[in-house]
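Notes follow once the structure below has been shown.
The values are calculated or read from the model by the stated rules, or taken from the named source; none is laboratory data. Everything numeric in this text was worked out from a predicted model, so none of it was measured. Cβ: placed from backbone, ideal geometry, glycine included. Neighbour counts: every protein chain shown.
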Amino acid sequence: MRETIERWLPSGGVFVDLGANEGYFSVLGALRCGANGRVLAIEPQQRLLPVITRNAELNGVGWVEILNVAVADVQGSAAVHLTADTSSGGSGLHVNTRYRLPTQSIETRTLCQVLDDAGLARVDLMKVDIEGFEYEALLGSTEVFATHRVRALALELHPELLAKRGEAASDITAMLATSGYTASAGNGNAVWLAPGVS
């Protein structure tokens, strides 16, 4: 992901970190694009907001914008199922454990709404790692990709989690391909590029 940021996020660019967790990649993106760029860290877990804020402060990138919502296919609210503090990256809008987890209520917005509200007409690089909810987040705003609003999409797919819910990761990749995106090889990440991006 570090190489992905270096390759597809220009100085002065726009980075959206969807599923920011503790803000590690948000900080790297902010260091890469600089104060003239924009970084939007989207994280539904309220307990991580002070962590992201502190990480940004410690790394001198106070321009990171933090948005405490979950990106979904509808505007409304949902419950985030919270894993242990030591493994916060496993939290999500669906229960992925055999045991009950504590929950937190969170506002949901579509990806299109989030970008509109932030005034982002173009995103140079978007990272998506949201524990299986990429299905709703991306397929709920297909117009974002049909218009190539996102130039490069670093997508962490969770096919096993999706299959448990009766959904297929191939629905997402098919939508991206139909929208004209191509998958870039290398860097160990699936990076989908809009037409004209290389």
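Identify, from the list 27, 61, 80, the residue that is surrounded by 18 or more Cβ atoms within 10 Å (Cβ to Cβ), modelled with pLDDT of 95 or more and closer than 16 Å to residue 129 by Cβ.
27
Residues in segment 124-140: is at least one over 20 Å from residue 69 (Cβ atoms), at pLDDT below 95 and either in contact with a helix residue (DSSP H, G or I) (Cβ under 9 Å, 6 or more places away or on another chain) or not aromatic (Phe, Trp, Tyr) (or both)?
No; the residues of segment 124-140 include none that is over 20 Å from residue 69 (Cβ atoms), at pLDDT below 95 and either in contact with a helix residue (DSSP H, G or I) (Cβ under 9 Å, 6 or more places away or on another chain) or not aromatic (Phe, Trp, Tyr) (or both).
If I go through segment 165-174 residue by residue, how many of them are part of a helix (DSSP H, G or I) and out of contact with any Pro (no Cβ under 9 Å at 6 or more places or on another chain)?
Selection size over segment 165-174: 4.
Tell me which residues, restricted to segment 140-152, are out of contact with any strand residue (DSSP E or B) (no Cβ under 6 Å at 6 or more places or on another chain) and in a loop (DSSP other than H, G, I, E, B).
147, 148, 149
Somewhere in segment 141-161, is a residue under 17 Å from residue 68 (Cα atoms) and of a type in the set (A, V, I, L, M, F, W, C)?
No.
Would you mind telling me which numbered condition in (1) of a type outside the set (D, E, K, R); (2) crowded, with 22+ Cβ neighbours inside 10 Å; (3) within 22 Å of residue 24 (Cβ to Cβ) residue 181 fails?
(3)
With the requirement that a residue be surrounded by fewer than 16 Cβ atoms within 10 Å (Cβ to Cβ) and of a type outside the set (S, T, N, Q), what does segment 11-23 give you?
12
Of all the residues that make up segment 85-101, how many are closer than 16 Å to residue 131 by Cβ and either in contact with a Pro (Cβ under 6 Å, 6 or more places away or on another chain) or at pLDDT 60 or above (or both)?
So the answer is 1.
Consider residue 176 carefully, then state whether it is modelled with pLDDT of 95 or more and under 17 Å from the mean Cα position of the chain (by Cα).
Yes.
Is it fair to say residue 41 is at pLDDT 95 or above, surrounded by 14 or more Cβ atoms within 10 Å (Cβ to Cβ) and of a type in the set (Gly, Ala, Ser)?
yes
When residue 17 is evaluated against the numbered criteria (1) over 16 Å from residue 66 (Cα atoms); (2) outside any helix (DSSP H, G or I); (3) in contact with an Asp or Glu (Cβ under 9 Å, 6 or more places away or on another chain); (4) not hydrophobic (A, V, I, L, M, F, W, C), which criterion, by number, is the only one it fails?
All conditions are met except number (1).
Say whether the condition of being part of a helix (DSSP H, G or I), over 18 Å from residue 41 (Cα atoms), of a type in the set (A, V, I, L, M, F, W, C) and in contact (Cβ under 8 Å) with a residue 24 or more places away in the chain is met by at least one residue in segment 118-139.
The answer is yes; a qualifying residue exists.
Looking for something assigned to a helix (DSSP H, G or I) and modelled with pLDDT of 95 or more - is there at least one such residue anywhere in segment 153-164?
No, the conditions are met nowhere in segment 153-164.
List pairs: first residue in segment 164-184 and at positive phi, second residue not aromatic (Phe, Trp, Tyr) anywhere in the structure, Cβ distance under 9 angstrom, at least six positions apart or on different chains.
As it stands, the answer is 180/146; 180/148; 180/194; 180/195, since those pairs meet every condition given.
Just name the residue that is farthest from residue 15 (Cα to Cα) out of those in segment 113-165 that are of a type in the set (A, V, I, L, M) and exposed (fewer than 15 other Cβ atoms within 10 Å of the Cβ).
Result: 163.
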